[in-house]
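Here the structure is laid out as structure tokens; the discussion comes afterwards.
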């Protein structure tokens, strides 16, 4: 069963806010009147005390998480070498527009995804899951992927080989090669596995209001090549910072990733 934390926060905010408001406008006055009549001090009910104490805190968390930044944990190696399993990241929630929590409806236009953005979104085949991939196709783009080569609108995206990958993480296999991909001004590193056969899927034309995404670990990522496009109403935000990393096998090495910007 999926636990919707955003919905939980909304319900808790409304509940504590209503209790606090009812007490401020009605119950407190009645308690005061009874206290004056009896000559005894008025005692605030425990539920009101908790509501008054927690409402501002819960409201602040809801606003920050819904409209400013939200933390996520990277569970897999599909975005290596940019992101590692065990990375804890921050996501800019307003980069792609101000959206209402839970229903994810955009109310204020701010910006749109661009080529090369590392984007968090709700998985189209199961919206209870959050995915993170790199945007390679915008609405109207024609995307093709053949023999480990990305094409955007018929143009082959440059790859600069950087040699054997020797960094942390298993990457889904051995003998991985690192390359720098120049995606329309958004340079970033990708991993390629020469020993894994490419299915040469495509081409795809990205429909209006949708995006095409790939994992940086190209041969170990289930992405738009397999399940299609990401609708605009599934967008969560743009990843911009690694704020913590936990790897039980390499605690010291994980410290070096703290504060790493996501490009």
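One table, with the values for the structure above:
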read-out: Test: residue in the stretch 74-87 that is at pLDDT below 95 and part of a strand (DSSP E or B); value: yes
read-out: Residue in the stretch 94-117 that is in contact (Cβ under 8 Å) with a residue 60 or more places away in the chain, touching a helix residue (DSSP H, G or I) at 6+ places or on another chain (Cβ under 6 Å) and surrounded by 20 or more Cβ atoms within 10 Å (Cβ to Cβ) present; value: no
read-out: Condition broken by residue 2, with the remaining ones in (1) at pLDDT 85 or above; (2) closer than 23 Å to residue 130 by Cα satisfied; value: (1)
read-out: Of residues in the stretch 27-46 being exposed (fewer than 11 other Cβ atoms within 10 Å of the Cβ) and modelled with pLDDT under 90, the one nearest to residue 57 (Cα to Cα); value: 43
read-out: Of the criteria (1) surrounded by 12 or more Cβ atoms within 10 Å (Cβ to Cβ); (2) at pLDDT below 90; (3) out of contact with any strand residue (DSSP E or B) (no Cβ under 7 Å at 6 or more places or on another chain), which one residue 193 fails; value: (2)
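Matching residues to (1) in a loop (DSSP other than H, G, I, E, B); (2) under 17 Å from residue 133 (Cβ atoms); (3) in the same structural domain as residue 130 (by TED's automatic domain parsing); (4) out of contact with any helix residue (DSSP H, G or I) (no Cβ under 9 Å at 6 or more places or on another chain):
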| site | (1), (2), (3), (4) |
| --- | --- |
| 160 | no, no, yes, yes |
| 179 | no, no, yes, yes |
| 182 | no, no, yes, yes |
| 189 | no, yes, yes, yes |
| 202 | yes, yes, yes, no |
| 211 | no, yes, yes, no |
| 219 | yes, yes, yes, yes |
| 225 | no, yes, yes, yes |
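The values are calculated or read from the model by the stated rules, or taken from the named source; none is laboratory data. If you're wondering where the values come from, they're calculated on a predicted model, not measured in any experiment. All Cβ positions, even for glycine, are placed from backbone atoms using ideal geometry, and neighbour counts span all protein chains on display.
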